[in-house]
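Single-structure report; data block below.
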Amino acid sequence: MKENVVVIGGGVAGMEAARELLLLGYNPIVVEQQDHLGGHVAQWNRLFPDISSAGDLVRTLGDGITDANIFLETKVTFVNRLQNGYLVMLSNGVNIACRAILVATGFKLFDASRKEEYGYGVYDHVVTNADLESWFNGNDSDRFPAAPKSIGFVHCVGSRDLKAGNSQCSKVCCITAVKQAIEMKERFPDARVFCFYMDLRLFGKKYEDFYIRAQQEFGIQFIRGRVSEVGETLEGRLQVKAEDTLSGKPLKVQLDLLVLMAGMSCNPEVAELARMARLDMDSDGFLRSRDNLGGINESNRPGIFYAGACTGAKTVPETLAEARSAALAIHRYMQGR
Amino acid sequence: MIYEGKQKIWRDYQKEIPDDHWYYVRSCIRQNFFPASERKFTDITQQVLGKDVYETPYHTTCGGIAYHCDAIPQETVMTIVARQFALMTEAGYENYVPSCVTSFGNYVEILETWHEFPELETRIREQLWKACRREFKKPKYLAHTSDLIYHWRNEIAEKARVRLIDKETGEPVRMSEHIGCHYAKMFPSKGIGGAEYPYVLAGMIESWGGQVVDYPERRHCCGYGFRQYHMKANRGYCVSNTHKKFESMEPYGIQAILTNCPGCCYFMDRWQYVIAEQTGKTYGKDGFGIPVFTYEELAGLVLGYDPWDLGLQLHQVAVEPFLDRIGVEYDPKAKYLGLNREDILRPELPTNLKCF
């Protein structure tokens, strides 16, 4: 009989780990509180740097776990330590005994309305990166003007922001903003597109090429400076004040759409899981790995492993690689190695 | 504009305001700018609302104006403030309400600093004892006077004799609110409604029948800015900021502005004269300016006080068109009669800004 491994979280980390665990001969049981698998990626339209389909990725991962037990709209209500493993109790009444648990609870998108100066939730045409992806997916909304003449992107919304309680860099926002700016420019070639950034952290494969293309081929203007204030004009356009720190001048521009690059913050619900399973948490609210070099997948408890953004901001390729690594770590643990 | 979005933010920034027993301290500059406002605050709170609002003549400046002009160090300001708290303690009060927004910001900043650095509070206590043999308790509650008028706004509305309704059209008058920077920009959680979309004045306007109008430069500084204005060479910068605000609000048909800061009210009123003289441009209807009121003045108008008893003749911008609009009765001939009913003389009229 195949051994159970409880995978908490059905995002791309949980899905990829479950696929690997199936291939390694285990019985992964995926517990997902939403009514669908794929997490945040399932809400996205295209993924950088190849502008590949997020839906295709989620479908491919889903095809790989058709033999797994999957509980949707289900939460973990309690984790009991047994002599040789854990008893995981679920909100649907199912109790699962297992020797290993994989935590893949992911992140929470920063609530952009907390940066009140940007006016998300107050001004009609201020949206987030997630709203824009949803619109790309065909979910129309009055908040998106039909033919915008000027569009702005604000980087680092709720990332590297001590006042917002998030000191960490969310890693993906810079390249996501470049991607989304290009996509908007492709849809609206006559629109002027501005990116307001404090640093550009384009560290990944093809990222820099993407950034150069954004400027050379698409004429996207990158302005090093933070947006200080957003207001609304009589015509319903957005008046955005910012500082251009390279020219050393304040600037004011009217836009038809402002996209806030909401960052990754810790999933607050993971704190309850951490309390039940006595897992260590970091000062940033993410789960703390045993070792950030050699033990990134390991927790402070035997048999409990991590994958993906539950330990900090990750890109999709990093998340998938961590998920496979976590599956191997679980396999080694089960084998007593 | 998504009004519900603002309401959500307003719900997040509320503060506990005791309903009675306040130790009241006046501003050092409001007495000169709009001298009736503070007197009317005590009249309204004590006589109309029946509240216990106590003040003492031994109160001095809080030092905030010198602090924000970089003229004295913060420890000196703290010792002055410690003495004010000692006066409150000796009077048997624990709720402290300053009339000046900069004082309010100053008190908040000092209390927060003492909270973070208790050793500094200990040193200030020692300095106060050495200087004047006084001891103090920190206020249990700290509010600005506009917080109290906001808190009692519905009681004022119940007693209102005038509503902020255009008597010709029956429509709410279109008003903008302007919050002093030191009210909530330093500590958003200490202001009603926070720093970006403050509700303290908007709540009064709504309760008294008016309509709050937003405009793109609503959050911009009035132009005073302490060390900008007080350095004479920088005054052009001050007026340019005020000019920016009025240019921004021009298309919105704003009929009056409500403020809660001594400097904001004064400069947004007086600079309209300077702008009119420099550029020939006025922002109200028919060559008038847009009147700028303190919250005590507006509360007084709503409660039916005589506008000249509220000191409205000391405004640069003529208030009469606004009084006519909301149906306030007044005697134009009494505008320049003092409290003793003798002539206080008439100011010279501007060239471009229409006044009476």
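Listed values, structure above:
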quantity	calculated
Selected residue [more than 14 Å from chain B (Cβ to nearest Cβ), farther than 30 Å from B:I2 by Cα, touching a helix residue (DSSP H, G or I) at 6+ places or on another chain (Cβ under 8 Å) and touching a residue at least 12 places away in the same chain (Cβ under 8 Å)] from A:F107, A:F71, A:F78, A:F136	A:F78
Test for A:G312: is it touching a residue at least 12 places away in the same chain (Cβ under 8 Å) and touching a helix residue (DSSP H, G or I) at 6+ places or on another chain (Cβ under 7 Å)	no
Test: residue in the stretch A:244-251 that is of a type in the set (V, I, T) and either buried (at least 19 other Cβ atoms within 10 Å of the Cβ) or outside the structural domain of A:Q168 (by TED's automatic domain parsing) (or both)	no
Test: residue in the stretch A:45-66 that is assigned by TED's automatic domain parsing to the domain that holds A:N95, modelled with pLDDT of 95 or more, in contact with a strand residue (DSSP E or B) (Cβ under 6 Å, 6 or more places away or on another chain) and of a type in the set (S, T, Y)	no
Extreme residue, surrounded by the fewest Cβ atoms within 10 Å (Cβ to Cβ), among residues of the stretch A:43-90 that are part of a loop (DSSP other than H, G, I, E, B) and small (G, A, S)	A:G64
Residue match in the stretch A:266-286 (condition: outside any helix (DSSP H, G or I) and of a type in the set (G, A, S))	yes
Among (1) surrounded by 17 or more Cβ atoms within 10 Å (Cβ to Cβ); (2) touching a Phe, Trp or Tyr at 6+ places or on another chain (Cβ under 7 Å); (3) within 14 Å of another protein chain (Cβ to nearest Cβ) - the single one B:Y13 does not satisfy	(2)
Residues (acidic (D, E) and within 22 Å of B:E171 (Cβ to Cβ)) located in the stretch B:304-322	B:E320
Single condition B:F187 does not satisfy, out of (1) within 14 Å of chain A (Cβ to nearest Cβ); (2) free of Cβ contacts under 8 Å to residues at least 60 places away in the same chain	(2)
The stretch B:205-248, residues that are under 12 Å from B:H178 (Cα atoms) and within 14 Å of chain A (Cβ to nearest Cβ)	B:V212, B:V213, B:D214, B:Y215, B:E217, B:R218, B:R219, B:H220, B:C221, B:K245
Yes/no for A:R99 being at pLDDT below 95 and either over 28 Å from A:A191 (Cα atoms) or buried (at least 23 other Cβ atoms within 10 Å of the Cβ) (or both)	no
Failed item in (1) over 15 Å from the mean Cα position of the chain (by Cα); (2) within 20 Å of B:T294 (Cα to Cα); (3) acidic (D, E), with B:D147 passing the rest	(1)
Residue count, the stretch B:79-109 (criterion: of a type in the set (G, A, S), in a helix (DSSP H, G or I) and more than 17 Å from the chain's Cα centre (by Cα))	3
Residue that is surrounded by fewer than 18 Cβ atoms within 10 Å (Cβ to Cβ) and closer than 26 Å to B:T242 by Cα, where the choices are B:E177, B:E196, B:E206	B:E206
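For every residue, the table says whether it meets (1) within 14 Å of chain B (Cβ to nearest Cβ); (2) in contact with a helix residue (DSSP H, G or I) (Cβ under 9 Å, 6 or more places away or on another chain).
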site: A:L200; (1), (2): no, yes
site: A:Q216; (1), (2): no, no
site: A:Q221; (1), (2): no, yes
site: A:R224; (1), (2): no, no
site: A:V230; (1), (2): yes, yes
site: A:Q239; (1), (2): yes, yes
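The values are calculated or read from the model by the stated rules, or taken from the named source; none is laboratory data. Treat the numbers as computed from the prediction; the structure is a model and nothing was measured. Virtual Cβ from ideal backbone geometry, glycine too; neighbours counted across all protein chains shown.
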